[in-house]
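Reviewing the structure listed below.
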Amino acid sequence: MYVGLAWHFWRTRWRRRATAQGPAQGVQGKGGGLQAWERLAILLPLALQGFTLYQQIFASTELRFGFAQALSAMTFLAVALYWIESLFYPLDGMEPLVLPLAAVAVPLPAIFPGLASSGAHAQAGVFKLHLALAMIAYGLFVIALLHAMLIAVAERQLHLKSSFAAMNLPPLLTLEKLLFRVIGAAFVFLTLTLATGIAFSETLFGRAMRADHKTIFAVLSWITFGLLLAGRGLYGWRGRTATRFTLGGFVLLVLAYVGSRFVLEVVLHRA
């Protein structure tokens, strides 16, 4: 379903407008640019993906939350956040970016089921809260990355004076405002993730923070996004600077959990 919707939006939002001098007729609805049937069509695979993730992560008797489940949860939240955001802003052009990511991530838990985490801590409420906060932060940062990609594409097409810029996106300043709003919210959730992780580590291991790859990359990502927000407030950073910081922080964040879990599960075969 995600693949079919991605193909539909690519044809109606990108391909058609790339070959036309103006917006395609009969494509947009009111408000966020989605027709009512398109909005409902996105909800169907989104609800199925959410139900599957709930069964795998929260309703299961044993916790399996490896890199595949993390990627699926990230893309689920990214699509959900896009859907909500599109109620308030016309974001035509983001669908062919976010929906294929979800389509790729959905079957990954079946291919890489991961190893069950042992111990009572895996079912502890604070641990599941930590995972939930982390996934919300990841989902928000995925949306931020897609915003940054749209900004980069829009800037390039404006410089080239391409008809591709006829996509009905908000102005660049609006996209940048949305980008930093999303990054600000994601930074709050990332801070809460680190705080609950410290509390959990202190309870389980007797120390506030373990100097492992996951912790190091997570802290580096937190510092990167903190610097970006500070630079935005103090020096008005925008454009390519914001895009580079967003990409760099996101790569560090992906390496923090998804990368480390991939090495543990696929390479080392450890939980």
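The values are calculated or read from the model by the stated rules, or taken from the named source; none is laboratory data. Note that the structure is a prediction, hence the values are computed from the model and not measured. Note: ideal-geometry Cβ built from the backbone for every residue, glycine included; neighbour counts use all protein chains shown.
When the residues of region 141-165 are filtered to those that are among the small types (Gly, Ala, Ser), assigned to a helix (DSSP H, G or I) and modelled with pLDDT under 70, the one that is farthest from Leu252 (Cα to Cα) is Ser163. Which of the residues spanning region 52-107 are surrounded by fewer than 18 Cβ atoms within 10 Å (Cβ to Cβ), under 22 Å from Arg181 (Cα atoms) and either of a type in the set (D, E, K, R) or touching a residue at least 60 places away in the same chain (Cβ under 8 Å) (or both)? Passing the criteria: Glu85, Tyr89. A Cβ distance below 7 Å, combined with a sequence gap of six or more or placement on separate chains, defines the contacts here; from region 205-223, residues that are under 16 Å from Ala134 (Cα atoms) reach residues that are part of a loop (DSSP other than H, G, I, E, B) and modelled with pLDDT under 90 in the pairs Thr215/Met209.
Quick check, is Leu115 outside any helix (DSSP H, G or I) and either at pLDDT below 80 or farther than 30 Å from Val263 by Cβ (or both)?
yes
Here is a list: Tyr89, Tyr138, Tyr82. Which entry is outside any helix (DSSP H, G or I) and either modelled with pLDDT of 80 or more or more than 18 Å from the chain's Cα centre (by Cα) (or both)?
Sole residue among the options that is outside any helix (DSSP H, G or I) and either modelled with pLDDT of 80 or more or more than 18 Å from the chain's Cα centre (by Cα) (or both): Tyr89.
Annotation for region 194-207: no member residue is basic (Lys, Arg) and at pLDDT 80 or above.
In the set (1) at pLDDT below 90; (2) in a helix (DSSP H, G or I); (3) buried (at least 18 other Cβ atoms within 10 Å of the Cβ), the condition left unmet by Leu5 is number (1). Quick check on region 48-79: of everything there that is modelled with pLDDT under 90 and out of contact with any helix residue (DSSP H, G or I) (no Cβ under 8 Å at 6 or more places or on another chain), which residue is nearest to Ala144 (Cα to Cα)? Among them, the one singled out is Tyr54.
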